Amino acid sequence: MEPNQTAFVFPGQGSQALGMGKALAQTYHVARMIFAQADEILGFSLSRLAWDGPEDQLNDTLNTQPALLVHSVAALRVFEEKFPEYQPAFVAGHSMGELSALVAARALPFPDALRLARKRGAAMKEAGTTNPGGMAAIMGLDIPALEKVCAKASAEGEIVQVANDNCPGQVVISGANTALDRALQLAQAAGARRAMRLPVSIAAHSPLMGPAQTGFSQAVEAAPIGDPFIPIIGNVNAVPLTTAAEIRADLRAQLTHRVRWSESVQFLAVKGVTSFIEIGSGSVLVGLIKRITKEAQGIPLGTPDDFAKLTAKPASL
């Protein structure tokens, strides 16, 4: 993999799993230190929660978001230790994965990114309590068709909208429960192959996250974000973020706006990226990327086995 044809991508909520990062920390000292540092910063054992559960607490967005960031940064530090001269052409993160991407781009120190992830999770959880809602995955309908479905299903005070454009044929919608129910029925009537609720109790990337905006925006403004050393593809507009001001604007808007993941990957492909290394928990993004651009090579990197496979092919780096 040539660095100038490679992007590091970082997973967001939904990629978490019990045991995430445990084997990595047991195998690599630098990864173990990242988990230990996170425990000290947060004032509780996030590592124990991520590794041993209980699972329902790990799946609480308050904990999920920092846990995903810690695993991603732990894996990133292992990669940097093994390949210190390697720098990708771009970085990108799906939703809260953008915070991990900021660490990779050296635009935000890890401790500050961790605090921001915790704040983001807390603010979104509180907004979900104030404005209950949900999310649903729709298979087999394109964005224009789903935008019409959402417009028809929405009513005054009951909004549903496209939340995540994950890949062709897989879109997530988000909004008020009543509007979401109407949208599910309309999507099926419009020919969706599958339309199903997701096991979440918040309407992420929709106006229902409005109550989270003030507190999170203040946290973003206070965070020591700098200009990135590596271009970051922003979620909101799917274009490179090259200044601290652009990063802050994208982070603020992210809570209530669509994640344009398909467009982000398409942009990277046009720029010559052929290899995507997914750093952190699972391989959800690798699967999505292969459906967006069939020529892409996707490599998950979150476990010792993943690193063993990577270092077994030195010619690829």
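Give me the net charge of Ile279's neighbourhood, meaning all other residues with Cβ under 12 Å from the Cβ of Ile279; Lys, Arg count +1, Asp, Glu -1.
Combined, the nearby Lys, Arg, Asp and Glu give -2.
Give, as a single signed number, the net charge of other residues whose beta carbon lies under 9 Å from the beta carbon of Val171, with Lys and Arg counted +1 and Asp and Glu -1.
On the way: positive: none; negative: Asp142, Asp165.
Every neighbour counted, the sum reads -2.
Given the DSSP H assignment, sum -39500 (n - 2.57) over each helix run of at least 4 residues in the chain and divide by its residue total; what's the result at 222 nm in deg cm²/dmol, nearest 500?
Only helices count here, giving -15000 deg cm²/dmol.
Which of the peptides 201-214, 235-248, 47-60 is most tightly packed, and how do the rest follow, going by the mean number of other Cβ atoms within 10 Å of each residue?
Final packing ranking: 201-214, 235-248, 47-60.
Between the alpha-carbon centers of the stretch 97-163 and the stretch 256-296, tell me the distance in whole angstrom.
Taking the Cα centre of the stretch 256-296 as reference, the centre of the stretch 97-163 is 18 Å away.
Taking the alpha-carbon distance from Lys119 and a cut-off under 25 Å, which lysines remain once sequence neighbours fewer than 8 residues away in the same chain are dropped?
Qualifying lysines at Cα under 25 Å: Lys22.
Tabulate in residue order the Karplus-calculated ³J(HN,Hα) for the stretch 221-238, using 6.51 cos²θ - 1.76 cosθ + 1.60 with θ = phi - 60°, rounded to whole Hz; enter x for Gly and Pro.
5, 7, 5, x, 7, x, 5, x, 7, 10, x, 10, 7, x, 5, 6, 10, 6
Beyond 21 Å, what percent of the Cα pairs of the stretch 133-200 remain? Intermediate results must be reported in sequence, preceding the final value.
Details: 194 of 2278 pairs.
Counting pairs separated by more than 21 Å, the tail of P(r) holds 9 percent.
Please report the projected area of the chain's Cα convex hull averaged over all directions, in nm².
Details: hull surface 59.6 nm².
About 14.9 nm², averaged over all directions.
Which angle between 0 and 90 degrees, to the nearest 10, do you get for helix 61-82 versus the longest principal axis of the chain when only C-alpha atoms count?
30 degrees
Specify the inter-centroid distance of the stretch 53-87 and the stretch 200-215, based on alpha-carbon positions, in whole Å.
23 Å
With axes computed from alpha carbons, what is the tilt in degrees of helix 244-254 against the longest principal axis of the chain, rounded to the nearest 10 within 0 to 90?
40 degrees
Consider all pairwise Cα distances in the stretch 1-107 and report the whole-number % of them above 22 Å.
Working: 1645 of 5671 pairs.
Everything past 22 Å amounts to 29 percent.
Arrange Val286, Val103 by Cβ neighbour counts within 10 Å, fewest through most, would you?
Val286, Val103
Could you order peptides 263-274, 2-13 by the average number of other Cβ atoms within 10 Å of their residues, highest first?
2-13, 263-274
Once you order the gyration tensor axes a ≥ b ≥ c over the Cα atoms, which shape class does the stretch 70-141 get: rounded for a/c under 1.5, otherwise prolate or oblate by comparing a/b with b/c?
In terms of gyration-tensor shape, oblate.
What does the charge count around Ala153 come to, taking other residues whose C-beta lies under 9 Å from its C-beta (Lys +1, Arg +1, Asp -1, Glu -1)?
Values: positive: Lys152, Arg182; negative: Glu158, Asp181.
Its environment carries a net charge of 0.
Taken together, the values in this text are just the output of simple stated rules run on the coordinates, not laboratory data. From a predicted model like this one, the values you see are computed outputs, not experimental measurements. Here Cβ is always computed from backbone atoms with ideal geometry, including for glycine, and neighbour counts include all displayed protein chains.
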